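Visitor: Encoded as structure tokens, here's the structure I'll be asking about.
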Amino acid sequence: MTERSRFERKPANPSPWKGKPSRPSQDTAKFAAAEPVAATEPRAARPTCEMRLYGRNACLAAFARRPQDLRKVYLSEVRLQELKPVLAWCARNKLGYRMVENSDLDKLTGSRHHEGVCFEMLRPQPSTLASLLASQPRAPQASLLVWLDGVGNPHNLGALLRSAAHFSVAGVIVPASSSLDLSGAAARVAEGGAEAVTLVRVDDDLEAFAQLRSAGYDLAATVPRDGQSIYATRLSARTVLVFGAEGEGMSKALIEAADQRLTIPGSGVIESLNIAASAAIVLGEYGRQIRSGS
């Protein structure tokens, strides 16, 4: 069931926007009076070029980087003071905003983890591998990318993006056939990291490998067994770290194409770590090696 259909599944029920309003504070009344666009019922359908972001850090990071993509704001009263600059932007640009109850935000976002705010925004413009590589420093300067093969869980993507932003990963590459995409859930878990890391889709894996190698990158595949210990391996300053899905792992073609096969040593009690945990460890080790020069 989609996010939209959850919100509209019982049209016969009274609209949450038509309930009896609570007594507004002075700030609430001020901004409600200034609302430039009537925000009664949600639109019947949201354009596919738009998405709903929710969570404080995800929303603020998106607004800070691309305010022109904002289309509408829903917030609870507790977020009013913090979001005054956003609401002022809405007023200047004739964008709708609405003070709502947490129960309404639960329905809008399909989650209880919205933290009192939801932004409707245009999706980031899609990027290409060529443009991503052009934005990176030239070889032999350091540059780190991530390739995801078979990963589909949005929470894993969000956690990985958070770590990727922390360790200065420039971009995450996924095959065009992958169902993985940035969602509101992934962006919330990323805590703003989704705005700092470019997501790129590639149509042809072999052509992408050739582009990456031409730009001076080595491919390092992370595997649960039969690889070199990450702590005993010297990583290239220009590396593409490849992570596969839990269970199935990455494709045989990717493993064979890799210049290095890396394993995180452990007790052996379990086969492997969650991909988000694995990524944080490997990204951190890459960062340590680059900083220390060892």
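Visitor: On the given criteria, is Glu120 touching an Asp or Glu at 6+ places or on another chain (Cβ under 6 Å) and closer than 18 Å to Met51 by Cβ?
Guide: So Glu120 fits the description; yes.
Visitor: I'm trying to understand the selection: among the residues of the range 264-287, which are surrounded by fewer than 18 Cβ atoms within 10 Å (Cβ to Cβ) and more than 16 Å from Leu145 (Cα to Cα)?
Guide: Pro265, Gly266, Ser267, Gly268, Val269, Ile270, Glu271, Leu273, Asn274, Ala277
Visitor: Taking the stated definitions as given, is Ala245 hydrophobic (A, V, I, L, M, F, W, C) and within 28 Å of Glu207 (Cβ to Cβ)?
Guide: yes
Visitor: If you don't mind, there's one more thing I want to ask. So Ala253 fits all but one of (1) surrounded by 19 or more Cβ atoms within 10 Å (Cβ to Cβ); (2) more than 22 Å from Ala165 (Cα to Cα); what number is the exception?
Guide: Condition not satisfied by Ala253: (1).
Visitor: Against the definition (at pLDDT below 90, small (Gly, Ala, Ser) and more than 21 Å from Leu148 (Cβ to Cβ)), how does Gly244 come out, yes or no? Reasoning before the result, please.
Guide: Details: at pLDDT below 90: yes; small (Gly, Ala, Ser): yes; more than 21 Å from Leu148 (Cβ to Cβ): no.
Considered against the rule, which asks whether it is at pLDDT below 90, small (Gly, Ala, Ser) and more than 21 Å from Leu148 (Cβ to Cβ), Gly244 comes out as no.
Visitor: Hey, can you tell me all the residues within the range 200-245 that are at positive phi and buried (at least 16 other Cβ atoms within 10 Å of the Cβ)?
Guide: Across the range 200-245, the qualifying residue is only Gly216.
Visitor: Still on this structure, I have one more. Would you mind finding the one in Gly227, Gly171 that is at pLDDT 95 or above and assigned by TED's automatic domain parsing to the domain that holds Ser251?
Guide: Gly171
Visitor: Is the range 88-101 home to any residue that is at negative phi, of a type in the set (S, T, N, Q) and surrounded by 18 or more Cβ atoms within 10 Å (Cβ to Cβ)?
Guide: Scanning the range 88-101 turns up no residue that is at negative phi, of a type in the set (S, T, N, Q) and surrounded by 18 or more Cβ atoms within 10 Å (Cβ to Cβ).
Visitor: A follow-up question, please. If the requirement is being touching a Leu at 6+ places or on another chain (Cβ under 9 Å), within 23 Å of Ala130 (Cα to Cα) and aliphatic (A, V, I, L, M), which of these qualifies: Val189, Val200, Val282, Val223?
Guide: The match here is Val200.
Visitor: For Pro265, only one of the following conditions fails: (1) free of Cβ contacts under 8 Å to residues at least 24 places away in the same chain; (2) more than 26 Å from Asp205 (Cβ to Cβ). What is its number?
Guide: Looking at each condition in turn, Pro265 falls short on (1).
Visitor: Only one of these is surrounded by fewer than 18 Cβ atoms within 10 Å (Cβ to Cβ), among the polar types (S, T, N, Q), more than 17 Å from Arg201 (Cα to Cα) and assigned by TED's automatic domain parsing to the domain that holds Ala245: Gln141, Gln81, Gln68. Name it.
Guide: Sole residue among the options that is surrounded by fewer than 18 Cβ atoms within 10 Å (Cβ to Cβ), among the polar types (S, T, N, Q), more than 17 Å from Arg201 (Cα to Cα) and assigned by TED's automatic domain parsing to the domain that holds Ala245: Gln141.
Visitor: Then there is this: Working only within the range 177-197, note down all residues that are modelled with pLDDT of 95 or more and surrounded by fewer than 18 Cβ atoms within 10 Å (Cβ to Cβ).
Guide: Ala196
The values are calculated or read from the model by the stated rules, or taken from the named source; none is laboratory data. Since this is a predicted model, take the numbers as computed values, not measurements. With ideal geometry, Cβ positions are generated from the backbone for all residues, glycine too; neighbour counts draw on all protein chains shown.
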